[in-house]
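Heads up: the structure comes next, in structure tokens.
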Amino acid sequence: VGSILNDTAVIHIRQRELGVAVKLLSEALECYAAANENEPEGEMCTDTVQIWRNLGECYASRKEYENAANAFVSALNLQRDARKIKDKGGDCPPVEFTDDESIANTLRRLGKAYAGMKRFRHSLVVLKEALVILSLILFCRCRR
């Protein structure tokens, strides 16, 4: 249900119906929270990363930069927690949200939200972190 709500919200985002999209994305998060309520402690669910990022984009488009930053921080925290599990050899699906490029993408979005809030120092720190990650990726690809 949460996944379908997210997909439906994306259609509304493309139609610039951001209020409807925010409502659907919030409902999707509630669905995932309810579904994961009985999960064993320590289980990692990264299904909501894209929902948080979509929600952040909606808020940023509406110039609600603080809400956007909070959504991107939620996505980033999930990604980093999942990455720690993955790096320790744990099972952490889906992999696409734990790769460096995806994390850098979330950092870039967060940096833009901080800039919208006029928190330029925070923005520069976050954007620099994204740049370092992407530069390392590019360097590694060029060495192949």
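Consider a paramagnetic label point 7 Å from the Cα of ARG16 along Cα→Cβ; state which residues of segment 52-90 have an amide N under 16 Å from it.
58-63
Determine ³J(HN,Hα), in whole Hz, for all residues of segment 107-119 in sequence, where each value follows from phi through the Karplus function 6.51 cos²θ - 1.76 cosθ + 1.60 and θ = phi - 60°; x replaces Gly and Pro.
4, 4, 5, 5, x, 5, 5, 4, 5, x, 7, 6, 9
Enumerate the calculated ³J(HN,Hα) couplings along segment 123-137 in order (Karplus 6.51 cos²θ - 1.76 cosθ + 1.60, θ = phi - 60°), each rounded to whole Hz, writing x wherever the residue is Gly or Pro.
4, 5, 4, 5, 5, 5, 4, 4, 5, 4, 4, 5, 5, 5, 4
So which of LYS63/LYS86; LYS86/LYS128; LYS88/LYS128; LYS84/LYS112 end up more than 32 Å apart, counting from Cα to Cα?
Over 32 Å apart, Cα to Cα: LYS63/LYS86.
Please compute P(r) over all alpha-carbon pairs of segment 16-88, binned at 10 Å starting from zero, and give each bin as a whole-number percent.
20, 46, 27, 7, 0
Run through every distinct alpha carbon pair of the chain and return the Kirkwood hydrodynamic radius in angstroms, one decimal place.
15.9 Å
Using the beta-carbon distance between VAL125 and ALA34 and R0 = 25 Å, what value does 1/(1 + (r/R0)^6) give for FRET efficiency, to the nearest 0.05?
After rounding to 0.05, the efficiency reads 0.10.
Ordered by residue, what ³J(HN,Hα) values in Hz, to whole numbers, does segment 68-73 give under the Karplus form 6.51 cos²θ - 1.76 cosθ + 1.60, where θ = phi - 60° and Gly and Pro are x?
Once rounded to whole Hz, the list reads 4, 4, 4, 5, 5, 5.
We did not get these values from a lab; they are worked out from the coordinates using the rules stated. Keep in mind the model is a prediction, meaning the values are calculated, not measured. Here Cβ is always computed from backbone atoms with ideal geometry, including for glycine, and neighbour counts include all displayed protein chains.
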